[in-house]
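Report on the structure given below.
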Amino acid sequence: MDDSGSTVDRQEEQQSLVPEEIKDKWEREQMKLKKQMILTDSGDIIKIMSCCHGKTSDNFLIGGVDISFVKGDNVNACAALIVLNFPQLEVVYEDCQMIKLTAPYIPGFLAFREAYLLEDMYNKLKKTQPQYVPQVIMVDGNGILHPRGFGLACHLGVLLDTPCIGVAKNLFQVDGIENDDDHQLKIKHLSKGGDTFELVGTSCKVLGKALRSCDSAPNPIYISTGHKITLDSAVELVYKCCKHRVPEPTRQADIKSREYLRVHFGSEHEEQKNKGKKKQRTKTTKHSNTDCNPVGNVEELFEDTNCCLFEGNDT
């Protein structure tokens, strides 16, 4: 395992590979889409919250998305879109797709590597099995807890015009919010499942909440709004979906994507490693046991928005 210093150095090296003009384009696109972001409860969320409060016995559908990597391989990964019924929390739909990633990860721009592929998976669901389209999606990442207040959960929510919630396992330190002694003290005061504290930046804005998701998990998860849902509703719904530290929609997406890699990709990966094939630094493309068509530079990667890069980061 790399030490923290080498990890930081590697991230800085990766960031230097992307021209500043591409980052500027991505930032302008974020600001454009951010104008469409809604941080109030949609009609569907209001109905789901009525179910949470015992006012209705209706059933709903909640989606979860996550990415898993081939062990020891920074190129091949599996993206998963899972749908569960609510409040039963049973998996009713699953879709796993293999992707290749070779372009660098840029903190704060995760959506440009993931959101458009996830949009394709969501549109496939709408077309092939519309009865399982979820009323809300939980994202393994952040919403407004983000340097520009527009993380993956916001980006995906606006693209899909669907309520989205950011659920991160690690604290994204932005706007003066730090994982310091004061933060750790607040964590210690989370005595039982359901306890929370607000994440307030130097801007005095509440960007999210830390949630102790169950009694057996002392380490919190970090909830932030993405689109068409309030923070209070997001936190309550995530808590209702927690049997373990991570809510079932994203937990099942993680489990299913890892299982898919083991069953469908493990032997192929080992065969490639044994042949000593070199990794090519090109782009990310979906594939089904076929080779990906490379893109020569990052400018082409940005223009081809249907090609997305994946990595297990929460930004």
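Every read-out reported here was derived from the displayed coordinates using simple, explicitly stated rules and does not represent laboratory data. Quick caveat, the model's predicted, so the values are computed rather than measured. Positions of Cβ are backbone-derived with ideal geometry, glycine not excepted, and every protein chain shown enters the neighbour counts.
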Report task. Take each of the peptides 33-43, 114-124, average the number of other beta-carbon atoms within 10 Å over its residues, and list them starting from the highest. Result -> 114-124, 33-43
Report task. May I ask you to order 239-249, 157-167 by the average number of other C-beta atoms within 10 Å around their residues, highest value first? Result -> 157-167, 239-249
Query raised in the report: Amide H to amide H, which residues 5 or more places from Ile38 or on other chains are under 5 Å from it, using H placed in the peptide plane?
Result: Lys228
Query raised in the report: Applying 1/(1 + (r/R0)^6) with R0 = 41 Å to the Cβ-Cβ distance of Lys124 and Lys192, what FRET efficiency is obtained, to the nearest 0.05?
Result: 0.50
Query - Principal axis dimensions, region 123-189 - Cα atoms, whole angstrom, descending - result: 50, 25, 13
Requested in this report: Any chance you could list P(r) for region 113-248, counting all Cα-Cα pairs in 5 angstrom bins from zero, rounded to whole %?
Outcome: 2, 11, 20, 22, 19, 13, 7, 4, 2, 0
Query raised in the report: Tell me, how many Å apart are the Cα centres for region 215-234 and for region 130-198?
Result: 6
Query raised in the report: When you count, for each residue, the other Cβ atoms within 10 Å and take the mean per peptide, how do 170-177, 53-60 rank with the highest first?
Result: 170-177, 53-60
Query raised in the report: Under the Kirkwood approximation for Rh and a Cα-based Rg, what ratio Rg/Rh is obtained for region 42-126?
Result: 1.09
